[in-house]
Amino acid sequence: MFPIYLIASIIIYNTYCNCLIMPNRYPFYFSLSRRRFLSLLPGGFAGAALAAVEDAPRLAVQRREIEVLGRPAEASRLALQNGQEGLHLEPGERLRFLFHNELGMTLRAHLHGQTPPAGMAAAVEGDGYLGFDLEPRPGSHWIHSTGDLTRQRLLAAPLIVHGPRPPWPELTVLLQDFCFRPAEEILANWQDPAWRRSFQPDTCLANGYGLDAPDPVRVAPGQRLLLRLINAAATSDFILDAGPLRAQLVAVDGNPVRPLPVRKLPLLLGQRADLLLDMPPEHGAWGLLARRAGSRLRTGIIFGTRRGYVRRLPPLAESKADEVDPAFDVRLAPPQPESPMRQERRLALRLAEGASGAPWRLISEDGQPLAMRLGEKVELTVRNETATAHVLHLHGHHVRMAGLNGQALPGILRDTFAVPARGSATIVFRADRAGDWPIAGQNLYDGLSGLSATLSCRE
Ligand SMILES: [Cu+2]
């Protein structure tokens, strides 16, 4: 039987606070290597901008050793100097920090869910700094590097922008998947359909812990918590199961929704779900499980009261979890009904089998680049011609979900959405930022294997 032990950990409150509230007068980011960092300091635009954020909190990308399935494993982390992982901003606080790349390889820092004025994530070479200074978008978001394989080594962190504080404590949980084998090897095999279909990671983790060695969260009987769940995995969509805990879904991708009681819900790659969670009124220990869709792998967070006993759970369930039901979004509604948007431009993308070795491609229907004018209201339909569902992330925008397989949706805001197998998804949004915006597969290996297109917005 599984060993039994008493809960010893404490509730994690996201209490990080600093008061660096700055007026909106600096560019949102700039990138400098350490050499240029020094040489540009005396003057010039970059030097002035750097001076503006050089006292900002420093978020360092570092290597770390963790234990996975009882074995030592190499991973990464993004941590402030006080050890806190990721950023937790108070209401009204500016998103202002120095991203310090200590990994010795070039990274592209991407603030998933934030909407900076330029689309592409900026590159920062090893031992370089990248300064960010922008008005943040409230809600549960996250940071990762894009265009490389570091997400498989757990390089991701929460980016939480608080609204008015609710009276209950909060817990942020990053859901990830882990592979012992090198990500380069997985990418090299990804174009083989049979290999890809049989692939699964070695295990799934919640805040770096597996169910075989969990980090239980201490709660009181009947306590309410706001749980911010972030799917930061490389290849895993999750089915969340609140079990005996009462759960209400209150926000997706950082955007409020009309509260919806849920027991099971999908959390696709890159997506966030904020849940109000009520503990049962008696002493005990309970788990909120995150099962990898279509797989026996699972992870989760274990809650326990002072007199509750926590049982370790095997990280492999006895049976496979369901596949994701893409129709879940039909049940969600924005807090206020949305008046329909009159479209000024209709765009369409085909998601098709790839050519010349790439498994997928995302191409416009007429072969032309996707273009839109600044200020236009855009409707984009993605038609998936393949037998595999895909998750897409449009950078720099939050979009209203307008249709799924031709059925109208009530228009919740998301930044990451599913396109069902042999189906379609329609989104609407205002093209309010000039630049080139990637729309790409959120699955790490799909995104690096051709599942990507660009939306160009010009004045
Ligand atoms: Cu992202």
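The values are calculated or read from the model by the stated rules, or taken from the named source; none is laboratory data. Everything numeric in this text was worked out from a predicted model, so none of it was measured. Cβ coordinates were reconstructed from backbone atoms using ideal geometry, including for glycine residues, and neighbour counts include every protein chain displayed.
Overview of values
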{"read-out": "When residues of the stretch 244-271 are limited to those that are in a strand (DSSP E or B) and free of Cβ contacts under 8 Å to residues at least 24 places away in the same chain, the one nearest to the ligand (Cβ to nearest atom)", "value": "Val262"}
{"read-out": "Close pairs from the stretch 381-400: first over 18 Å from Ile412 (Cβ atoms), partner of a type in the set (Val, Ile, Thr) and within 16 Å of the ligand (Cβ to nearest atom), Cβ under 8 Å, at least 6 apart", "value": "His395/Ile439; Gly396/Thr115"}
{"read-out": "Residue in the stretch 303-320 that is assigned to a strand (DSSP E or B) and of a type in the set (D, E, K, R) present", "value": "yes"}
{"read-out": "Selection status of Arg196, at pLDDT 95 or above, more than 16 Å from the ligand (Cβ to nearest atom) and farther than 30 Å from His100 by Cα", "value": "no"}
{"read-out": "Residue ID - farthest from Gly357 (Cα to Cα), chosen from residues in the stretch 174-208 that are in contact with a helix residue (DSSP H, G or I) (Cβ under 6 Å, 6 or more places away or on another chain) and aromatic (Phe, Trp, Tyr)", "value": "Trp195"}
{"read-out": "For Gln368: the one exception among (1) within 16 Å of the ligand (Cβ to nearest atom); (2) of a type in the set (S, T, N, Q); (3) free of Cβ contacts under 8 Å to residues at least 12 places away in the same chain", "value": "(1)"}
{"read-out": "Condition check for Gly147: of a type outside the set (A, V, I, L, M, F, W, C), surrounded by fewer than 22 Cβ atoms within 10 Å (Cβ to Cβ) and not assigned by TED's automatic domain parsing to the domain that holds Leu175", "value": "yes"}
{"read-out": "Members of the stretch 272-302 that are touching a Ser or Thr at 6+ places or on another chain (Cβ under 6 Å) and either outside the structural domain of Asp253 (by TED's automatic domain parsing) or outside any loop (DSSP other than H, G, I, E, B) (or both)", "value": "Arg272, Asp274, Ala290, Arg292"}
{"read-out": "Filter pass, Ala206 being at pLDDT 95 or above and aliphatic (A, V, I, L, M)", "value": "yes"}
{"read-out": "Search result, residues across the stretch 437-453 that are touching a strand residue (DSSP E or B) at 6+ places or on another chain (Cβ under 7 Å), within 16 Å of the ligand (Cβ to nearest atom) and of a type outside the set (Ser, Thr, Tyr)", "value": "Trp437, Pro438, Ile439, Ala440, Gly441, Gln442, Asn443, Asp446, Gly447, Leu451, Ala453"}
{"read-out": "Sole exception among (1) within 16 Å of the ligand (Cβ to nearest atom); (2) more than 30 Å from Ala188 (Cα to Cα) for Thr416, by number", "value": "(2)"}
{"read-out": "Given (1) under 25 Å from Pro57 (Cα atoms); (2) more than 19 Å from the chain's Cα centre (by Cα), index of the condition Gln200 fails", "value": "(1)"}
{"read-out": "The stretch 84-105 residues that are assigned to a loop (DSSP other than H, G, I, E, B), paired with ones that are surrounded by fewer than 18 Cβ atoms within 10 Å (Cβ to Cβ) and of a type in the set (Val, Ile, Thr) (beta carbon under 9 Å, 6 or more apart)", "value": "Glu90/Ile21; Gly92/Ile21; Glu93/Ile21; Arg94/Ile21"}
{"read-out": "Qualifying residue in the stretch 126-137 (condition: within 12 Å of the ligand (Cβ to nearest atom) and within 22 Å of His393 (Cα to Cα))", "value": "no"}
{"read-out": "Hey, Leu107 in contact with a Ser or Thr (Cβ under 6 Å, 6 or more places away or on another chain) and more than 23 Å from Phe429 (Cβ to Cβ) or not", "value": "yes"}
{"read-out": "Some residue of the stretch 331-351 being closer than 30 Å to Trp195 by Cα, exposed (fewer than 15 other Cβ atoms within 10 Å of the Cβ) and not assigned by TED's automatic domain parsing to the domain that holds Val257", "value": "no"}
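Each row is one residue, and each column tells you yes or no for (1) more than 16 Å from the ligand (Cβ to nearest atom); (2) farther than 21 Å from Pro136 by Cβ.
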| site | (1), (2) |
| --- | --- |
| Ala73 | yes, yes |
| Ser76 | no, yes |
| Gln84 | yes, no |
| Gly92 | yes, no |
| Leu98 | yes, no |
| Met105 | yes, yes |
| Arg108 | no, no |
| His112 | no, no |
| Thr115 | no, no |
